[in-house]
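Just below is one structure, and these are the notes that go with it.
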């Protein structure tokens, strides 16, 4: 028998709704997409109805729940390369059938925020993620943990 955690069950439910063609809204958790998506932002993900473009933010389920990461390359042989904006390494090549939805809306502090896509978003997100890591290292070196 396999135990299913609450977050795992929630992730399964999101996939089921997306597969039925419904848009799903939930609260984003984590810092991998900083600063475009921050912990606590309300996000809405729609089912994939058209092909993906570079810079799209997509939902991919995983063992814990799922992740929203940006398309940074592809398609190549039916796969896309994804990366969290604030992460130094990408997720590798993800088969397109594992990508379940596309981010279409995000709200922070009750205000709908602009969506960013395209090649420019990949460059800007990478730059901001690099800067965050540099600032964090300096902060730790001078102020301690």
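The values are calculated or read from the model by the stated rules, or taken from the named source; none is laboratory data. What you see is a predicted model; the values in this text were computed from it and never measured. Cβ coordinates were reconstructed from backbone atoms using ideal geometry, including for glycine residues, and neighbour counts include every protein chain displayed.
Just to be sure, is residue 27 surrounded by fewer than 18 Cβ atoms within 10 Å (Cβ to Cβ), within 26 Å of residue 132 (Cβ to Cβ) and modelled with pLDDT under 95? In short, yes. Looking at this structure, is residue 40 at positive phi, assigned to a loop (DSSP other than H, G, I, E, B) and in contact (Cβ under 8 Å) with a residue 12 or more places away in the chain? For residue 40, the condition - at positive phi, assigned to a loop (DSSP other than H, G, I, E, B) and in contact (Cβ under 8 Å) with a residue 12 or more places away in the chain - is met.
When we screen 54, 68, 82, 18 for residues that are in a helix (DSSP H, G or I) and in contact with a strand residue (DSSP E or B) (Cβ under 7 Å, 6 or more places away or on another chain), the only hit is 18. Taking into account only those residues within the stretch 30-49 that are exposed (fewer than 14 other Cβ atoms within 10 Å of the Cβ) and modelled with pLDDT of 90 or more, which is nearest to residue 122 (Cα to Cα)? The extreme case among them is 39.
Would you check if residue 86 is modelled with pLDDT under 90, within 13 Å of the chain's Cα centre (by Cα) and surrounded by 14 or more Cβ atoms within 10 Å (Cβ to Cβ)? Answer is yes for this residue. If you go through the stretch 126-133 one residue at a time, do you hit one that is exposed (fewer than 14 other Cβ atoms within 10 Å of the Cβ), out of contact with any helix residue (DSSP H, G or I) (no Cβ under 6 Å at 6 or more places or on another chain), assigned to a helix (DSSP H, G or I) and at pLDDT 85 or above? Yes, some residue in the stretch 126-133 is exposed (fewer than 14 other Cβ atoms within 10 Å of the Cβ), out of contact with any helix residue (DSSP H, G or I) (no Cβ under 6 Å at 6 or more places or on another chain), assigned to a helix (DSSP H, G or I) and at pLDDT 85 or above.
Just wondering, is there one or more residues in the stretch 102-119 that are surrounded by fewer than 18 Cβ atoms within 10 Å (Cβ to Cβ), farther than 15 Å from residue 43 by Cα and under 13 Å from the mean Cα position of the chain (by Cα)? Yes, the stretch 102-119 contains a residue that is surrounded by fewer than 18 Cβ atoms within 10 Å (Cβ to Cβ), farther than 15 Å from residue 43 by Cα and under 13 Å from the mean Cα position of the chain (by Cα).
Out of all the residues in the stretch 89-99, which are surrounded by fewer than 13 Cβ atoms within 10 Å (Cβ to Cβ) and at pLDDT 95 or above? Correct list: 95 only.
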